[in-house]
Structures are given as C-alpha cells and as structure tokens.
Amino acid sequence: MSEIKNKKRSPWINWTLFIVTMAVVFFLGLLVSSIAERRSEAMFAYKPKVKLNAFEPRNEVWGKNYPWQYESYLKTKETDFNTPYGGSAMRDVLAESPELVVMWAGYAFSKEYNQGRGHAHAIDDITNNLRTGGPKAPDQGLPSTCWTCKSPDVPRMMNQMGIKEFYGTTWAALGDQHANSIGCADCHNPETMDLTITRPALIEALALMGKDVSKATHQEMRSLVCAQCHVEYYFDKKRPDAEGSNYLTFPWTNGFTPEEMLKYYDDLGFKDWTHALSKTPMLKAQHPDYEVYTTGIHAERGVTCADCHMPYVSEGGLKYSNHHVTSPLKYISQACQTCHRESEATLVKNVIDRQKKVAEIRHDAEKLLTRAHVEAKLAWDNGATEAEMKDILYEIRAGQWYWDYVAASHGGSFHSPVESARVMGKAIHHAQNARISLARLLAAKGISGEVAYPDISTKEKAQEYIGLPMEKLRQEKLEFLKEIVPVWKQKSAEREAKYDIVLNK
C-alpha cells in the first residue's frame with residue numbers, strides 16, 4: 001500500500017498539461033475570433049453604400065458597393081500578359097498574317113485588325129480603330145449597332161430610344177452617349193445583382209430556337225451573359241418590324257454549327273460585302289466564341305465561361321468571382337487546378353499544343369484562299385462569265401466562311417480543338433475545289449502554268465496591292481480623334497455630372 005501511495009504524478013507533468021491546455025484554449029479562441037471577424041467582414045463588404053439606378057452605366061459607381069469585384073475588373077486595363085495565341089496585349093494581326101489583307105479586300109478589316117485588349121479598353125479601341133473611320137458629322141459612317149457590345153450605356157440608350165431606333169442611326173450620332181467601357185450593368189441586375197441579359201439579340205435568337213432565357217439556371221447564366229456578345233451575328237436590314245435599321249441578329253435559327261449558319265445566310269441570299277478582287281459575295285464571321293465552346297469538352301461537362309475566365313477567389317472572409325476577365329493561363333491555380341491535378345507547366349503545354357496544331361492548318365487555309373481570290377481576279381480579267389464563275393465563287397465564299405468561323409473565335413482552338421480542326425479542314429477543302437476549278441477555267445482561257453502572285457510579304461505591301469489609301473485613312477482618323485472625340489467626351493462628362501448618386505442610409 002505504501003508503494004502505491006508514493007507513486008504520485010510528477011509536478012512537471014502537471015505543468016505541461018496545464019500549459020498545453022492553455023495553449024489549446026488560446027488557439028481555439030483565436031479561431032473563434034477569426035471566424036467572427038471573417039463573418040463580420042463579409043457582412044460589411046456586401047452592405048450597399050449607394051443606390052444603383054435601373055440603368056446606371058458607370059462602373060465606378062457600382063464599385064462603391066462591390067469594391068473587391070471592381071478592383072479586379074480594373075485589372076482588365078493591364079496589357080502585359082502575352083501567350084503565343086492570345087493574352088491581353090494588343091497585337092497587329094494583319095502584320096502577323098498579311099494574307100488577311102487580301103482575303104478581306106473591299107472590307108474594313110483589311111485596314112486594321114488587332115488582337116483585342118481587356119474590357120476596360122472597349123471604348124478606346126473601337127474609337128481609335130481605322131475600321132470605324134473618321135466621321136465628321138453625326139449622319140456619317142458606320143451604323144450605331146457597332147456600339148452594342150462596347151458599353152453599359154447601350155441598355156440605357158435602348159431604353160431611352162427604343163431598340164429598333166437605337167439600331168437605326170449611326171455610330172457617330174451616338175458617340176457622345178457611350179462613355180463607359182464594358183462593365184457591371186452589362187451582366188447584372190442593379191437591385192438583386194443576379195446575372196441578367198441586357199441585349200435583346202440573344203433573347204430573340206434563343207426564343208426562335210424554342211428556349212426561354214428566363215428559365216436558365218444560374219450556372220447556365222454564367223455563360224449566357226457572355227453569349228450576349230461573344231457570338232456570330234449580322235445586321236438585318238430587312239427585318240419586317242424594323243426595316244431599314246441595322247438590327248443585330250444571331251443566325252441561329254437552324255442551329256449553332258457553321259454548316260447550319262452558312263445555310264441560314266445562303267437561304268437569305270445574305271452577304272457582308274463583295275470581294276474587291278474575286279467579286280465573291282462574302283461572309284465575315286464575327287467571334288463565334290459561344291458557338292464553338294458549346295461543342296467542346298468543357299461545355300459537355302457543365303463548365304461555364306466564368307468558371308475559367310472569372311474564377312472564384314478568396315480574400316479573408318470573402319469569396320467572389322474575379323472580374324479580371326482574361327485568359328485562364330493568367331490564373332492557372334484558380335482557373336484550371338481546381339479540377340486538373342497536373343502541374344502548371346503541363347497545363348500550359350496542353351493548351352499551347354492544341355492551339356499550335358490548329359494554327360498550322362489555319363495558315364495553310366489562308367494561303368490557299370488568298371491564291372483563290374487572286375486567281376479569280378485573273379479569270380475575270382480574262383473574260384470569265386458569271387455563269388462560269390458562279391460555282392467557283394461559292395466555293396470561295398464557303399471556304400472563307402469556315403476559315404473565319406475558327407480564326408475569329410477567341411480561344412476556339414482550345415475550347416474545342418477537334419471541332420476547330422474539322423471546320424478548318426472544310427475551309428481547305430472548299431479552297432482547293434475553287435482553285436482546281438479556276439485552273440481548268442484559266443486553261444480554257446489560254447492561261448496555263450503557275451499564276452504570278454503579288455508580293456504580300458508584309459501588311460503594307462498587301463494593302464498597297466489591294467489599293468488601300470492608308471495615309472489618307474490615317475489622316476482622317478487623326479483629325480477625327482483631335483476634333484470630334486474631345487467633343488464627345490466633354491458632352492458625356494457634362495451629362496454624367498448631372499447623374500445623382502444616392503447614398504443608402
């Protein structure tokens with residue numbers, strides 16, 4: 001008994017247990033305090049400071065209520081991220097591929113075509129681009145429809161003017177009304193912050209396909225808000241209820257594929273322009289990003305545009321969507337590695353490899369189509385008739401449409417590399433058909449052997465070949481930027497100075 005009583009716990013063990021217990025209590029207290037602090041941060045962060053009006057176009061006003069999202073949006077001003085086939089820096093695409101100048105002869109894209117910068121540059125980029133010209137009067141220049149995807153001022157103006165009236169005037173006539181670049185009001189309901197569709201063309205196109213946008217899920221909306229603009233479209237001047245206006249329309253009645261859209265245009269007898277060399281009734285694909293995306297593996301697995309281009313981020317107790325809309329390669333850990341376990345280097349290689357392979361056959365198609373246009377001009381110059389050229393011109397039209405469907409799609413060769421390669425293969429097929437027929441026709445006209453092709457090794461040489469007066473165009477743009485644009489900006493500033501900002505109590 002005496003031995004049992006003498007086996008007392010050593011004092012140092014008691015002190016150790018006491019210290020450990022106190023440490024655990026201390027750190028638990030820190031954890032509870034941190035959780036409470038993060039909850040408090042979240043409650044404070046999403047307490048609106050100002051009341052947003054129904055058509056508030058100013059991104060900085062929205063930013064007062066949602067500072068984290070707005071600060072990330074401001075990063076779309078950055079132009080320092082480059083990838084081999086994209087990024088945020090402005091690149092001169094015509095300088096990289098001078099064949100495009102000839103392929104677009106007679107169309108404004110032959111003057112200037114650049115890799116787009118971030119959303120924050122939308123107004124500056126459309127204003128500075130040679131394609132929009134140098135209108136000196138409100139009744140000159142391009143249609144006002146060209147503003148549709150550039151500014152949150154568009155919903156305000158459509159509400160104020162009416163949709164068909166908005167489409168029925170000129171770009172220059174509404175220049176002083178569009179001061180804010182793509183932003184908050186383009187995609188969000190100002191009262192609920194729910195994602196919303198603000199451009200009627202998407203609603204109308206889906207309705208014709210039997211789809212109701214109002215029934216879309218939140219996950220579907222994370223792509224549909226992008227599909228308001230990142231799509232193929234054309235200006236319908238013959239719409240029964242808006243004849244004469246350049247009514248923005250998506251050619252989706254038959255479906256999303258390039259074959260279905262080509263049939264849509266063929267059935268209408270529609271053309272964007274007549275090619276200056278080959279006299280082909282041409283189509284210009286815009287940027288069918290959404291259509292191409294729907295054919296890819298990410299869309300099949302339910303991944304949306306925002307999942308990759310606007311991934312969620314966490315700061316303290318806040319979780320929000322990063323509004324620095326850019327290439328996912330900028331934020332691989334957030335955009336890609338939430339699903340993919342490969343290293344960043346491997347993921348980048350996977351993307352670039354797919355893009356490179358499609359780019360290789362794209363360049364082949366460009367060379368073939370350029371030669372087809374030159375050879376068609378030679379045929380016309382040597383007495384070819386419309387009957388002899390009809391089928392040839394359709395092959396050129398179809399070939400360049402399929403090429404452009406892929407070339408104009410932002411990131412399409414990654415979004416859907418198999419579909420992009422398939423469609424580019426069709427472009428080559430039609431271009432070759434045109435050239436074979438042209439070779440036979442030229443032989444019948446007494447012209448055999450290799451056709452002499454112009455030196456279009458640079459953008460400047462190509463523009464000179466198709467007869468573009470580049471110095472005159474640049475001078476007109478310079479005068480426009482010096483004389484007209486400052487007036488637009490002054491009027492915009494005066495108008496917005498009258499807008500009330502109502503603080504929430």
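Rule-based calculations on the coordinates, nothing more; no lab input. Owing to the predicted nature of the structure, the values given are computational and were not obtained by experimental measurement. Cβ placement follows ideal geometry from the backbone for every residue including glycine, while neighbour counts extend to all protein chains displayed.
Calculate the all-directions average of the projected area of the stretch 145-287's alpha-carbon convex hull, and give it in nm². Write down the numbers at each step before the final one.
Numbers: hull surface 39.4 nm².
With every direction weighted equally, the projected area is 9.9 nm².
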Practice task
Please report, to two decimal places, log10 I(q)/I(0) for the stretch 100-226 at q = 0.11 Å⁻¹ as given by the Debye formula with identical point scatterers on the Cα atoms and no solvent.
Solution key: -0.46
Fill in the blank from the handout: By the Kirkwood definition, with r running over pairs of different Cα atoms, the stretch 381-433 has a hydrodynamic radius in Å of 12.0
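What does the net charge come to around His309 if you take all other residues with beta carbon closer than 12 Å to its beta carbon, with K and R at +1 and D and E at -1? Provide the component values of the computation, followed by the final result.
Details: positive: Arg222, Lys330; negative: Asp289, Asp307.
Around His309, the surrounding residues sum to 0.
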Practice task
Could you tally the net charge around Lys284, taking each other residue with its Cβ under 10 Å from the Cβ of Lys284, Lys/Arg +1 and Asp/Glu -1?
Solution key: -2
Handout entry: Helix 386-407 axis, angle to the chain major axis (alpha carbon atoms, nearest 10°)
Key = 10
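Mean projection of the alpha-carbon convex hull of the stretch 243-334 over all orientations, in nm²? Show your work: numbers first, answer last.
Numbers: hull surface 40.3 nm².
So the mean shadow area of the Cα hull is 10.1 nm².
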Handout entry: Within the stretch 445-460: backbone nitrogen closer than 17 Å to the His363 label point (7 Å, Cα to C-beta)
Key = 456-459
Completion exercise
Descending packing, highest mean Cβ count within 10 Å first, for 89-97, 116-124 is 116-124, 89-97
Exercise for the section: Sort 13-23, 474-484, 409-419 for me by packing, meaning the mean count of neighbouring Cβ atoms within 10 Å per residue, highest on top. Expected result: 409-419, 474-484, 13-23
Practice task
Taking the Cβ of Asp212 as the centre, find all other residues whose Cβ is under 14 Å away and add up their charges (Lys, Arg: +1; Asp, Glu: -1).
Solution key: 0
Practice task
When you have a sec, figure out the Kirkwood radius of the stretch 453-505 from all distinct Cα pair distances and drop it here in Å to one decimal?
Solution key: 15.0
Practice task
Just report the Cα centroid separation between the stretch 134-153 and the stretch 433-484, whole Å.
Solution key: 28
Practice task
Under 4.7 Å Cβ to Cβ, no partner at all: give me those cysteines from the chain, in residue order.
Solution key: Cys146, Cys184, Cys187, Cys308, Cys336, Cys339
Handout entry: Projected area, mean over directions - the chain, Cα convex hull, nm²
Key = 34.6
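Suppose only helical runs count, i.e. DSSP H with n ≥ 4. What mean residue ellipticity at 222 nm does that imply for the chain under -39500 (n - 2.57) per run, divided by all residues and rounded to the nearest 500 deg cm²/dmol? Provide the component values of the computation, followed by the final result.
Values: 23 runs with 255 residues, N = 505.
Rounded to the nearest 500, it is -15500 deg cm²/dmol.
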Problem - With 10 Å bins from 0: P(r) over the stretch 338-471, alpha-carbon pairs, percent - result: 12, 31, 30, 17, 7, 3, 0
Handout entry: the chain, relative contact order [Cα under 8 Å, separation at least 6], %
Key = 19
Problem - Pairs beyond 26 Å (Cα-Cα), from Lys459/Lys491; Lys64/Lys319; Lys77/Lys284 - result: Lys459/Lys491; Lys77/Lys284
